[in-house]
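The values are calculated or read from the model by the stated rules, or taken from the named source; none is laboratory data. Keep in mind the model is a prediction, meaning the values are calculated, not measured. In this analysis, Cβ positions are derived from the backbone assuming ideal geometry, glycine residues included, and neighbour counts consider all displayed protein chains.
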Amino acid sequence: MRLYGSVLAVGLMISGCSSNNSAPAGGGAGDDGSAPKTIGSAGGDAGSCGDSPAVWKEDGVLRCGTSGEAILSTNTTLNPLDGGTVVTTSLEVVILQPTTSYIFSFIVTTSDAFGGTYTCAIGTTSNVELEYDEVGVFSSTTSSCSVSVTLTPADGGMIATGTFSAELAVTDGGVKTLSDGTFTFGVTGL
């Protein structure tokens, strides 16, 4: 899964494909018939990041993800122990900063009802994989993380909002802390 996230993130950067952080096509209008609503940062520092769909702090320094994508999918597999089927739902979020060479993505996977708070500790029914690297500068492995996700139906689609934080061990030594992270993206897939 980690390799898939890297390939997807690099592919999005190369192709220029991204979400535009507006409501899904055909919807998002206010109850009063007003124009579609723009999705801004979910509780982030809008004064510094404007309408960025993702905002977080890296070691206390504000970072703004200017584009990205949230992809929702399901997978049905056979349980090797009892032969029954297991349906898992995954949400992959790729966050791009076009003026940097960062690769930032996370995948939340669960066989329970989707939505809630997940950690990088491998659980029996859910887990999170998080990748945060700057190409040519540093790479990291996740020591701990927490991601909360809410999926909300919207006209013409679904919106994924949530929060995230992580402690990362940098390959060449040291630690990076991601804190106060928020995201809001229109969902593709399903």
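The residues on offer are SER111, SER105, SER126, and the sole one that is under 21 Å from THR161 (Cβ atoms) and either among the acidic types (Asp, Glu) or out of contact with any Phe, Trp or Tyr (no Cβ under 6 Å at 6 or more places or on another chain) (or both) is SER105.
The set of residues in segment 45-80 being aromatic (Phe, Trp, Tyr) and over 15 Å from the mean Cα position of the chain (by Cα) is empty.
Here PHE104, PHE114 are screened, and the one residue that is touching a residue at least 24 places away in the same chain (Cβ under 8 Å), buried (at least 16 other Cβ atoms within 10 Å of the Cβ), aromatic (Phe, Trp, Tyr) and not in a loop (DSSP other than H, G, I, E, B) is PHE104.
Taken over segment 178-190, the residue count meeting the criterion of being modelled with pLDDT of 95 or more, polar (S, T, N, Q) and either out of contact with any strand residue (DSSP E or B) (no Cβ under 7 Å at 6 or more places or on another chain) or surrounded by fewer than 17 Cβ atoms within 10 Å (Cβ to Cβ) (or both) is 1.
Can you tell me which residues in segment 48-62 are assigned to a strand (DSSP E or B) and either aromatic (Phe, Trp, Tyr) or surrounded by fewer than 20 Cβ atoms within 10 Å (Cβ to Cβ) (or both)? Matches in segment 48-62: TRP56, LYS57, GLU58, VAL61, LEU62.
Every residue, every condition in (1) farther than 18 Å from ILE103 by Cβ; (2) aromatic (Phe, Trp, Tyr); (3) touching a strand residue (DSSP E or B) at 6+ places or on another chain (Cβ under 9 Å), yes or no:
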site	(1), (2), (3)
SER139	no, no, yes
THR142	no, no, yes
SER148	yes, no, yes
ALA154	yes, no, yes
THR161	yes, no, yes
ALA169	no, no, yes
GLY173	yes, no, no
LYS176	no, no, yes
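Of all the numbered requirements in (1) at pLDDT 85 or above; (2) under 20 Å from VAL55 (Cα atoms), GLY157 misses one, and that requirement is (2).
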